[in-house]
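These notes concern the structure reproduced below.
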Protein chains: 2
Amino acid sequence: MNDSPRWLDEKESRAWRGYQALRRDLDSTLERRLSRDSGLSAADYQLLVVLSETEGQRLRARELRNEVRWDRSRLAHQVRRMEQRGLLLRTECETDARGTMVELTPEGRRAIEDAAPLHLVAVRNYFIDLLTPEELDVLAAIAERVRAKVGDEGCDE
Amino acid sequence: MNDSPRWLDEKESRAWRGYQALRRDLDSTLERRLSRDSGLSAADYQLLVVLSETEGQRLRARELRNEVRWDRSRLAHQVRRMEQRGLLLRTECETDARGTMVELTPEGRRAIEDAAPLHLVAVRNYFIDLLTPEELDVLAAIAERVRAKVGDEGCDE
DNA sequence: GGATGAAGGCTGACGTGTCAACAACGCGCT
DNA sequence: AGCGCGTTGTTGACACGTCAGCCTTCATCC
């Protein structure tokens, strides 16, 4: 029971505060642009990308969840909202009566095809093109290591 | 009007996907731990930290907003909820009748003092201690550069 | 076949974040 | 004083995310 743990030193603090600021500013900028340019949220975009890259433009909800790593509830809410907007639709799964198939509508396909190039430009402009090749590698390595650490503890489903 | 922009190559894609996964997994892990350990959300924590580091444990809402870089509405909602929980309270500003002072309650002070050491351990365990000194520097540099880029365009207030 | 438990998915409640509209105040001007 | 305008903060509506609880269906075992 030691109530004075090891605090962050100068270098550590810069990195930690930097990460937090990066997360806040970059994500909000990209989401705002995506919303203005294409009327899509980041969550919309993510589902549309996965479905549009899938053979047949349809996936079982369970598979879709594995792709984006959401929980059941979040996907159910998001799919319901997107179905109401006409971006996708739900049908029954033929092989398992518990399952639900999620399918891209032509409208959803058009939405992602319009949005993707614009979003890519924004990602480059505000992030990727600002980094050197070495920095790209470091970032990927960091992400991999951290995910391995949090993965073997918070491993739910 | 070129609809086939420059896509991300292998290295860029690893970095970009890595960042997105990092953001998702690290943040959700830290927030979940904070909530379980201390009953605080990330937003709660942020406000409590700023107030607890302030002389007199109180700040004008405008200053508090500048510290955490939120917009008016978000702060107003968050403060209202935290006031209902007894973590802080609002009083009138003596020098400007438009203003609102936000003040830490003893309960709020106790909450942040209990939470901070636990949160620090989690930040080290899941993130900072996993990085080499060089990686800390690279991360800080990346964050600085990206923020400079998004800052001079999305500069609202 | 019937019971039991796991898996898949849905819903409602609540906290959170964003946007637009609004009210109240300060400040400068005439 | 009165007007105009920017600043400050609040509110309501809605989208988003998490949690707990629920129902249906599948798989297993008796």
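The values are calculated or read from the model by the stated rules, or taken from the named source; none is laboratory data. Small disclaimer: the values here were computed from a predicted structure and weren't measured. No Cβ is skipped: glycine too gets one built from the backbone with ideal geometry, and neighbour counts run over all protein chains shown. Side chains included, ligands, DNA and RNA excluded: accessible areas come from the protein's heavy atoms. Shrake-Rupley method; radii C 1.70, N 1.55, O 1.52, S 1.80 Å.
Of all the residues in the range A:35-56, those that are away from DNA strand C (no atom under 12 Å from the Cβ), within 16 Å of the chain's Cα centre (by Cα) and not in a helix (DSSP H, G or I) number 2.
Just the residues that are touching a Ser or Thr at 6+ places or on another chain (Cβ under 7 Å) and of a type in the set (D, E, K, R), please, taken from the range A:32-59.
Step one: list which residues in the range A:32-59 are touching a Ser or Thr at 6+ places or on another chain (Cβ under 7 Å), which gives A:35, A:41.
Residues satisfying the conditions do not exist here.
For B:TYR19, indicate whether it is away from DNA strand D (no atom under 12 Å from the Cβ), touching a Phe, Trp or Tyr at 6+ places or on another chain (Cβ under 8 Å), under 15 Å from A:GLN20 (Cα atoms) and not aliphatic (A, V, I, L, M).
Working: away from DNA strand D (no atom under 12 Å from the Cβ): yes; touching a Phe, Trp or Tyr at 6+ places or on another chain (Cβ under 8 Å): yes; under 15 Å from A:GLN20 (Cα atoms): yes; not aliphatic (A, V, I, L, M): yes.
Against the criterion (away from DNA strand D (no atom under 12 Å from the Cβ), touching a Phe, Trp or Tyr at 6+ places or on another chain (Cβ under 8 Å), under 15 Å from A:GLN20 (Cα atoms) and not aliphatic (A, V, I, L, M)), B:TYR19 qualifies.
Condition check: over 24 Å from A:PRO117 (Cα atoms), facing chain B (nearest Cβ under 9 Å) and at pLDDT 95 or above. Does A:TRP7 satisfy that? In short, no.
Consider A:ALA115 carefully, then state whether it is within 11 Å of DNA strand C (Cβ to nearest atom), of a type outside the set (S, T, N, Q), open to solvent by less than 30 Å² (accessible area, probe 1.4 Å) and touching a residue at least 40 places away in the same chain (Cβ under 8 Å).
In short, no.
Just checking, which of A:ARG110, A:ARG74 is more than 9 Å from every other protein chain (Cβ to nearest Cβ), in a helix (DSSP H, G or I) and more than 16 Å from the chain's Cα centre (by Cα)? It is A:ARG110. Selection of the range B:77-89 for residues being near DNA strand D (Cβ under 9 Å from one of its atoms) and exposed (fewer than 15 other Cβ atoms within 10 Å of the Cβ) yields B:HIS77, B:ARG80.
Please determine, by comparing only the residues of the range A:77-102 that are in a loop (DSSP other than H, G, I, E, B) and touching a Gly at 6+ places or on another chain (Cβ under 7 Å), which one is farthest from A:VAL50 (Cα to Cα). Before the answer, list the steps.
Residues of the range A:77-102 in a loop (DSSP other than H, G, I, E, B): A:85-87, A:93-99.
The next check asks that each one be touching a Gly at 6+ places or on another chain (Cβ under 7 Å); those that pass are A:87, A:93.
Values: A:LEU87: 13, A:CYS93: 18 Å.
Only one residue tops the list, namely A:CYS93.
Within 28 Å of B:GLU12 (Cα to Cα), at pLDDT 95 or above, surrounded by 16 or more Cβ atoms within 10 Å (Cβ to Cβ) and more than 11 Å from chain B (Cβ to nearest Cβ): which single residue out of A:LEU51, A:LEU136, A:LEU131 fits that description? Walk me through it before giving the result.
Working: A:LEU136 fails: more than 11 Å from chain B (Cβ to nearest Cβ); A:LEU131 fails: more than 11 Å from chain B (Cβ to nearest Cβ).
Result of the check over A:LEU51, A:LEU136, A:LEU131: A:LEU51.
Just one of (1) closer than 28 Å to A:LYS149 by Cα; (2) more than 13 Å from DNA strand C (Cβ to nearest atom); (3) more than 14 Å from chain A (Cβ to nearest Cβ) fails for B:LEU59. It is (1).
When the range B:57-71 is filtered for residues that are assigned to a loop (DSSP other than H, G, I, E, B) and either at negative phi or open to solvent by less than 20 Å² (accessible area, probe 1.4 Å) (or both), the ones remaining, listed by number, are B:TRP70, B:ASP71.
I want to confirm something. Restricting to the range B:10-23 and keeping residues that are open to solvent by 40 Å² or more (accessible area, probe 1.4 Å) and at the interface with chain A (Cβ under 7 Å from one of its Cβ atoms), which single residue is farthest from A:GLU113 (Cα to Cα)? My answer is B:ARG23.
Of everything in the range A:36-48 that is more than 10 Å from DNA strand D (Cβ to nearest atom) and touching a helix residue (DSSP H, G or I) at 6+ places or on another chain (Cβ under 6 Å), the residue that is least open to solvent (accessible area, probe 1.4 Å) is A:LEU48. Within the range B:18-39, the set of residues being in contact (Cβ under 8 Å) with a residue 40 or more places away in the chain and out of contact with any Asp or Glu (no Cβ under 9 Å at 6 or more places or on another chain) comprises B:LEU26, B:LEU30, B:ARG33, B:GLY39. Consider B:VAL102 carefully, then state whether it is more than 25 Å from A:PRO5 (Cβ to Cβ), surrounded by 16 or more Cβ atoms within 10 Å (Cβ to Cβ), within 19 Å of the chain's Cα centre (by Cα) and touching a residue at least 40 places away in the same chain (Cβ under 8 Å). Yes, satisfied.
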